[in-house]
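Notes follow once the structure below has been shown.
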Amino acid sequence: MESIGVLMPAPMSSYLEQELEKRFNLLKLWTVPQKPQFLKDHSSSIRAVVGNAGNGADAELIEKLPKLEIVASFSVGVDKVDLNKCREKGIRVTNTPDVLTDDVADLAIGLTLAVLRRLCECDRYVRSGQWKKGDYKLTTKFTGKTVGIIGLGRIGKAVAKRAEAFSCPIAYYSRTAKPELKYKYYPTVVELASNCDVLVVACPLTEETRHIVNREVIDALGPKGVLINIGRGPHVDEVELVSALVEGRLGGAGLDVYEKEPEVPEQLFGLENVVLLPHVGSGTVETRNVMADLVVENLEAHFLKKPLLTPVV
(Lines give C-alpha, C1' and ligand atoms only; values in the text may rest on other atoms or scores of the structure.)
Protein backbone atom coordinates (compact mmCIF):
# COMPACT_ATOMS: atom_id res chain seq x y z
CA MET A 1 0.00 0.00 0.00
CA GLU A 2 3.08 2.23 0.07
CA SER A 3 2.33 3.55 -3.40
CA ILE A 4 -1.22 4.67 -2.52
CA GLY A 5 -1.39 8.45 -2.25
CA VAL A 6 -3.18 9.77 0.83
CA LEU A 7 -3.80 13.51 0.88
CA MET A 8 -3.91 15.36 4.20
CA PRO A 9 -5.06 18.99 3.67
CA ALA A 10 -3.98 20.32 7.08
CA PRO A 11 -1.97 19.20 10.13
CA MET A 12 -4.03 17.14 12.57
CA SER A 13 -2.00 14.74 14.68
CA SER A 14 1.69 13.86 14.57
CA TYR A 15 0.80 10.31 15.62
CA LEU A 16 -1.68 10.03 12.73
CA GLU A 17 0.92 11.34 10.30
CA GLN A 18 3.46 8.76 11.53
CA GLU A 19 1.01 5.89 11.24
CA LEU A 20 -0.04 6.94 7.74
CA GLU A 21 3.56 7.36 6.59
CA LYS A 22 4.31 3.79 7.69
CA ARG A 23 1.69 2.44 5.32
CA PHE A 24 0.98 4.94 2.54
CA ASN A 25 2.49 7.74 0.49
CA LEU A 26 1.32 10.64 2.68
CA LEU A 27 1.00 13.96 0.87
CA LYS A 28 0.88 16.96 3.24
CA LEU A 29 -0.90 19.69 1.31
CA TRP A 30 -0.23 22.43 3.88
CA THR A 31 3.54 22.14 3.35
CA VAL A 32 3.28 22.94 -0.37
CA PRO A 33 3.38 26.56 -1.62
CA GLN A 34 1.73 25.87 -5.00
CA LYS A 35 -1.26 23.78 -3.94
CA PRO A 36 -3.24 23.75 -7.24
CA GLN A 37 -0.18 22.56 -9.19
CA PHE A 38 0.64 19.99 -6.50
CA LEU A 39 -2.86 18.53 -6.71
CA LYS A 40 -2.62 18.43 -10.49
CA ASP A 41 0.76 16.68 -10.38
CA HIS A 42 -0.47 14.02 -7.92
CA SER A 43 -4.08 13.66 -9.06
CA SER A 44 -3.47 10.22 -10.55
CA SER A 45 -1.96 8.79 -7.35
CA ILE A 46 -4.24 10.28 -4.67
CA ARG A 47 -6.81 7.62 -3.76
CA ALA A 48 -7.68 8.83 -0.26
CA VAL A 49 -8.20 12.07 1.64
CA VAL A 50 -7.87 12.35 5.41
CA GLY A 51 -9.93 15.29 6.69
CA ASN A 52 -11.06 16.63 10.05
CA ALA A 53 -13.59 19.02 11.57
CA GLY A 54 -12.02 22.00 9.78
CA ASN A 55 -10.78 20.50 6.52
CA GLY A 56 -12.53 17.83 4.53
CA ALA A 57 -13.28 17.26 0.87
CA ASP A 58 -15.57 19.72 -0.87
CA ALA A 59 -16.89 19.31 -4.42
CA GLU A 60 -14.03 21.34 -5.87
CA LEU A 61 -11.34 19.12 -4.31
CA ILE A 62 -13.20 15.94 -5.22
CA GLU A 63 -13.40 17.02 -8.88
CA LYS A 64 -9.62 17.56 -8.92
CA LEU A 65 -8.97 14.00 -7.74
CA PRO A 66 -10.33 11.57 -10.35
CA LYS A 67 -8.83 8.51 -8.59
CA LEU A 68 -10.27 9.36 -5.16
CA GLU A 69 -11.91 6.33 -3.51
CA ILE A 70 -12.34 7.23 0.15
CA VAL A 71 -12.47 10.21 2.52
CA ALA A 72 -11.57 9.24 6.08
CA SER A 73 -12.48 11.97 8.55
CA PHE A 74 -10.45 12.43 11.74
CA SER A 75 -13.65 13.60 13.48
CA VAL A 76 -17.25 12.59 14.09
CA GLY A 77 -18.70 15.49 12.13
CA VAL A 78 -18.46 15.23 8.34
CA ASP A 79 -19.99 18.61 7.50
CA LYS A 80 -16.76 19.55 5.67
CA VAL A 81 -17.25 16.63 3.26
CA ASP A 82 -19.57 16.96 0.28
CA LEU A 83 -21.51 13.77 0.95
CA ASN A 84 -23.75 14.16 -2.10
CA LYS A 85 -20.76 14.44 -4.41
CA CYS A 86 -19.19 11.40 -2.75
CA ARG A 87 -22.36 9.36 -3.24
CA GLU A 88 -22.55 10.51 -6.85
CA LYS A 89 -19.01 9.32 -7.54
CA GLY A 90 -19.09 6.19 -5.39
CA ILE A 91 -16.53 7.57 -2.93
CA ARG A 92 -16.65 6.02 0.53
CA VAL A 93 -16.68 8.23 3.66
CA THR A 94 -15.77 7.26 7.23
CA ASN A 95 -15.60 9.11 10.54
CA THR A 96 -14.54 8.42 14.14
CA PRO A 97 -17.70 8.05 16.24
CA ASP A 98 -17.92 6.75 19.81
CA VAL A 99 -14.22 7.08 20.63
CA LEU A 100 -14.46 10.82 21.37
CA THR A 101 -17.86 10.73 23.10
CA ASP A 102 -16.49 10.73 26.65
CA ASP A 103 -14.06 13.61 26.12
CA VAL A 104 -16.65 15.85 24.50
CA ALA A 105 -19.26 15.05 27.17
CA ASP A 106 -16.69 15.66 29.91
CA LEU A 107 -15.93 19.03 28.38
CA ALA A 108 -19.61 19.99 28.26
CA ILE A 109 -19.85 19.47 32.02
CA GLY A 110 -16.54 21.25 32.55
CA LEU A 111 -17.75 24.27 30.58
CA THR A 112 -21.00 24.33 32.53
CA LEU A 113 -19.17 24.34 35.86
CA ALA A 114 -16.68 26.92 34.58
CA VAL A 115 -19.47 29.30 33.57
CA LEU A 116 -21.75 28.86 36.60
CA ARG A 117 -18.96 28.86 39.18
CA ARG A 118 -16.85 31.44 37.28
CA LEU A 119 -13.78 29.18 37.50
CA CYS A 120 -11.72 31.05 34.92
CA GLU A 121 -12.56 34.41 36.46
CA CYS A 122 -11.73 33.07 39.93
CA ASP A 123 -8.37 31.88 38.66
CA ARG A 124 -7.59 35.34 37.28
CA TYR A 125 -8.79 36.88 40.56
CA VAL A 126 -6.16 34.93 42.48
CA ARG A 127 -3.34 35.42 39.97
CA SER A 128 -3.90 39.19 39.78
CA GLY A 129 -3.64 39.57 43.56
CA GLN A 130 -7.23 40.76 43.97
CA TRP A 131 -8.03 38.13 46.61
CA LYS A 132 -5.84 40.08 49.05
CA LYS A 133 -8.32 42.94 48.71
CA GLY A 134 -11.42 40.85 49.42
CA ASP A 135 -13.30 37.66 48.72
CA TYR A 136 -14.66 36.82 45.29
CA LYS A 137 -18.39 37.32 44.78
CA LEU A 138 -20.87 34.47 45.11
CA THR A 139 -21.55 32.35 42.04
CA THR A 140 -24.28 29.92 40.88
CA LYS A 141 -24.86 26.29 41.89
CA PHE A 142 -24.90 23.57 39.21
CA THR A 143 -26.36 20.64 41.17
CA GLY A 144 -30.08 20.37 40.56
CA LYS A 145 -30.24 22.68 37.55
CA THR A 146 -32.35 21.48 34.62
CA VAL A 147 -30.14 20.58 31.66
CA GLY A 148 -31.67 20.73 28.18
CA ILE A 149 -29.87 18.92 25.39
CA ILE A 150 -30.30 19.56 21.66
CA GLY A 151 -29.60 16.23 20.00
CA LEU A 152 -29.72 13.06 22.09
CA GLY A 153 -27.25 10.95 20.13
CA ARG A 154 -24.10 9.38 21.54
CA ILE A 155 -22.67 12.61 22.90
CA GLY A 156 -26.02 14.00 24.06
CA LYS A 157 -26.74 10.84 26.05
CA ALA A 158 -23.25 10.93 27.58
CA VAL A 159 -23.80 14.54 28.67
CA ALA A 160 -27.16 13.55 30.19
CA LYS A 161 -25.56 10.68 32.13
CA ARG A 162 -22.95 13.00 33.61
CA ALA A 163 -25.48 15.72 34.43
CA GLU A 164 -27.63 13.15 36.24
CA ALA A 165 -24.73 12.60 38.63
CA PHE A 166 -25.24 16.24 39.64
CA SER A 167 -28.93 15.51 40.33
CA CYS A 168 -29.93 17.52 37.26
CA PRO A 169 -33.32 16.88 35.64
CA ILE A 170 -32.77 16.19 31.93
CA ALA A 171 -34.85 17.41 28.99
CA TYR A 172 -34.13 17.20 25.29
CA TYR A 173 -35.07 18.07 21.75
CA SER A 174 -34.44 15.77 18.79
CA ARG A 175 -36.13 15.08 15.47
CA THR A 176 -38.29 12.44 17.15
CA ALA A 177 -39.09 11.57 20.75
CA LYS A 178 -37.24 8.63 22.29
CA PRO A 179 -39.91 6.94 24.42
CA GLU A 180 -37.42 4.40 25.77
CA LEU A 181 -35.70 7.21 27.69
CA LYS A 182 -37.09 8.71 30.88
CA TYR A 183 -36.06 12.25 29.98
CA LYS A 184 -38.60 14.98 29.21
CA TYR A 185 -39.02 15.58 25.47
CA TYR A 186 -39.90 18.95 23.95
CA PRO A 187 -41.03 19.14 20.31
CA THR A 188 -39.30 22.49 19.66
CA VAL A 189 -35.98 24.02 20.70
CA VAL A 190 -37.79 27.14 21.95
CA GLU A 191 -39.90 25.07 24.36
CA LEU A 192 -36.79 23.24 25.54
CA ALA A 193 -34.92 26.51 26.12
CA SER A 194 -37.91 27.93 28.02
CA ASN A 195 -37.83 24.99 30.42
CA CYS A 196 -34.14 24.54 31.23
CA ASP A 197 -31.34 26.36 33.03
CA VAL A 198 -28.48 25.05 30.91
CA LEU A 199 -28.89 24.39 27.17
CA VAL A 200 -26.30 22.08 25.58
CA VAL A 201 -25.89 21.88 21.80
CA ALA A 202 -24.86 18.33 20.86
CA CYS A 203 -26.45 17.61 17.48
CA PRO A 204 -24.79 17.07 14.08
CA LEU A 205 -24.45 20.09 11.81
CA THR A 206 -26.82 19.93 8.84
CA GLU A 207 -28.70 22.55 6.86
CA GLU A 208 -31.65 21.95 9.19
CA THR A 209 -29.59 22.51 12.36
CA ARG A 210 -27.65 25.55 11.13
CA HIS A 211 -28.57 28.44 13.48
CA ILE A 212 -30.84 26.08 15.42
CA VAL A 213 -30.02 28.38 18.34
CA ASN A 214 -31.35 31.74 17.14
CA ARG A 215 -32.59 34.89 18.86
CA GLU A 216 -35.91 33.31 19.81
CA VAL A 217 -34.16 30.36 21.48
CA ILE A 218 -31.65 32.60 23.24
CA ASP A 219 -34.43 34.85 24.57
CA ALA A 220 -36.33 31.77 25.75
CA LEU A 221 -33.24 30.62 27.67
CA GLY A 222 -33.12 34.06 29.24
CA PRO A 223 -30.92 36.19 31.51
CA LYS A 224 -30.35 33.37 33.99
CA GLY A 225 -29.80 30.67 31.37
CA VAL A 226 -26.48 29.31 30.15
CA LEU A 227 -25.69 28.09 26.62
CA ILE A 228 -23.04 25.39 26.13
CA ASN A 229 -21.91 24.63 22.56
CA ILE A 230 -19.78 21.54 22.03
CA GLY A 231 -21.36 20.81 18.63
CA ARG A 232 -20.38 23.08 15.74
CA GLY A 233 -20.10 26.86 15.57
CA PRO A 234 -22.80 27.37 12.93
CA HIS A 235 -25.36 25.71 15.21
CA VAL A 236 -25.59 29.10 16.92
CA ASP A 237 -26.38 32.47 15.36
CA GLU A 238 -23.21 34.08 16.66
CA VAL A 239 -24.29 37.67 16.04
CA GLU A 240 -27.42 37.12 18.12
CA LEU A 241 -25.44 35.28 20.81
CA VAL A 242 -22.96 38.15 21.16
CA SER A 243 -25.66 40.80 21.39
CA ALA A 244 -27.62 38.78 23.97
CA LEU A 245 -24.53 38.35 26.16
CA VAL A 246 -23.46 41.98 25.84
CA GLU A 247 -27.00 43.21 26.58
CA GLY A 248 -27.50 40.79 29.47
CA ARG A 249 -30.38 38.92 27.81
CA LEU A 250 -28.46 35.65 28.29
CA GLY A 251 -26.89 34.59 31.57
CA GLY A 252 -23.71 33.06 30.22
CA ALA A 253 -22.08 30.82 27.62
CA GLY A 254 -19.43 28.13 27.41
CA LEU A 255 -18.15 27.77 23.85
CA ASP A 256 -15.77 25.28 22.30
CA VAL A 257 -16.78 26.03 18.71
CA TYR A 258 -17.43 29.15 16.60
CA GLU A 259 -18.91 30.11 13.26
CA LYS A 260 -15.66 31.15 11.58
CA GLU A 261 -12.88 29.34 13.43
CA PRO A 262 -10.31 30.35 14.47
CA GLU A 263 -11.95 33.79 14.45
CA VAL A 264 -13.80 34.54 17.70
CA PRO A 265 -15.90 37.70 18.28
CA GLU A 266 -13.72 40.06 20.30
CA GLN A 267 -16.79 41.41 22.12
CA LEU A 268 -16.76 38.16 24.11
CA PHE A 269 -13.20 38.58 25.41
CA GLY A 270 -14.08 40.94 28.24
CA LEU A 271 -17.15 39.06 29.51
CA GLU A 272 -16.64 37.16 32.76
CA ASN A 273 -19.76 35.05 32.19
CA VAL A 274 -18.32 33.52 29.02
CA VAL A 275 -15.74 30.73 28.82
CA LEU A 276 -13.98 30.33 25.47
CA LEU A 277 -12.10 27.21 24.37
CA PRO A 278 -10.22 26.65 21.07
CA HIS A 279 -12.25 23.66 19.75
CA VAL A 280 -10.63 21.06 22.01
CA GLY A 281 -13.64 18.79 22.58
CA SER A 282 -11.78 15.60 21.71
CA GLY A 283 -8.37 17.11 22.42
CA THR A 284 -6.77 14.54 24.72
CA VAL A 285 -3.73 12.47 23.80
CA GLU A 286 -5.59 9.26 24.55
CA THR A 287 -8.62 9.99 22.39
CA ARG A 288 -6.78 11.55 19.46
CA ASN A 289 -4.55 8.46 19.22
CA VAL A 290 -7.56 6.14 19.20
CA MET A 291 -9.20 8.37 16.56
CA ALA A 292 -6.02 8.17 14.47
CA ASP A 293 -5.97 4.37 14.74
CA LEU A 294 -9.57 4.28 13.52
CA VAL A 295 -8.75 6.47 10.51
CA VAL A 296 -5.86 4.18 9.58
CA GLU A 297 -7.92 1.01 10.13
CA ASN A 298 -10.68 2.32 7.87
CA LEU A 299 -8.17 3.11 5.12
CA GLU A 300 -6.54 -0.30 5.44
CA ALA A 301 -9.92 -2.03 5.36
CA HIS A 302 -10.91 -0.15 2.21
CA PHE A 303 -7.75 -0.90 0.27
CA LEU A 304 -7.75 -4.54 1.39
CA LYS A 305 -11.39 -4.74 0.21
CA LYS A 306 -12.68 -5.49 3.71
CA PRO A 307 -15.78 -3.96 5.36
CA LEU A 308 -15.26 -0.42 6.67
CA LEU A 309 -15.30 -0.07 10.45
CA THR A 310 -17.28 3.19 10.64
CA PRO A 311 -18.85 3.98 7.26
CA VAL A 312 -20.87 7.16 6.68
CA VAL A 313 -21.27 6.72 2.92
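Structure above, values below:
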{"read-out": "Residues (farther than 27 Å from residue 257 by Cα and either open to solvent by 30 Å² or more (accessible area, probe 1.4 Å) or of a type outside the set (A, V, I, L, M, F, W, C) (or both)) located in region 58-91", "value": "63, 64, 66, 67, 69, 87, 88, 89, 90"}
{"read-out": "Residue check, residue 54 within 12 Å of the chain's Cα centre (by Cα), modelled with pLDDT under 95 and under 21 Å from residue 149 (Cα atoms)", "value": "no"}
{"read-out": "Among the residues listed as 114, 177, the single one being surrounded by 14 or more Cβ atoms within 10 Å (Cβ to Cβ), touching a residue at least 40 places away in the same chain (Cβ under 8 Å) and touching a strand residue (DSSP E or B) at 6+ places or on another chain (Cβ under 7 Å)", "value": "114"}
{"read-out": "Selected residue (only one of 264, 217 is β-branched (Val, Ile, Thr) and over 17 Å from the mean Cα position of the chain (by Cα))", "value": "217"}
{"read-out": "Selection status of residue 203, in contact with a Leu (Cβ under 9 Å, 6 or more places away or on another chain), part of a loop (DSSP other than H, G, I, E, B) and at pLDDT 95 or above", "value": "yes"}
{"read-out": "Residue count for region 177-186, restricted to those that are in contact with a Phe, Trp or Tyr (Cβ under 9 Å, 6 or more places away or on another chain) and part of a loop (DSSP other than H, G, I, E, B)", "value": "6"}
{"read-out": "Residue satisfying condition, being of a type in the set (S, T, N, Q), in contact with a Ser or Thr (Cβ under 7 Å, 6 or more places away or on another chain) and more than 13 Å from residue 112 (Cβ to Cβ), within set 194, 167", "value": "167"}
{"read-out": "Unique match (being closer than 17 Å to residue 107 by Cβ, open to solvent by 10 Å² or more (accessible area, probe 1.4 Å) and acidic (Asp, Glu)) among 286, 247", "value": "286"}
{"read-out": "Failed criterion for residue 269 (all others in (1) assigned by the TED database to the domain that holds residue 112; (2) among the hydrophobic types (A, V, I, L, M, F, W, C); (3) more than 29 Å from residue 236 (Cα to Cα) hold)", "value": "(3)"}
{"read-out": "Flag if residue 10 is assigned to a strand (DSSP E or B) and of a type outside the set (Lys, Arg)", "value": "no"}
{"read-out": "Test for residue 48: is it crowded, with 21+ Cβ neighbours inside 10 Å and not in a loop (DSSP other than H, G, I, E, B)", "value": "yes"}
{"read-out": "Residues of region 126-147 that turn out to be open to solvent by less than 80 Å² (accessible area, probe 1.4 Å), assigned to a loop (DSSP other than H, G, I, E, B) and in contact (Cβ under 8 Å) with a residue 12 or more places away in the chain, as a count", "value": "8"}
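The values are calculated or read from the model by the stated rules, or taken from the named source; none is laboratory data. Bear in mind that the values here come from a model prediction, so they are computed numbers and not experimental data. Because the Cβ atoms are built from the backbone with ideal geometry, glycine has one as well, and the counts that use them run over all protein chains shown. SASA here: full protein model, heavy atoms, side chains in, ligands and nucleic acids out. Shrake-Rupley method; radii C 1.70, N 1.55, O 1.52, S 1.80 Å.
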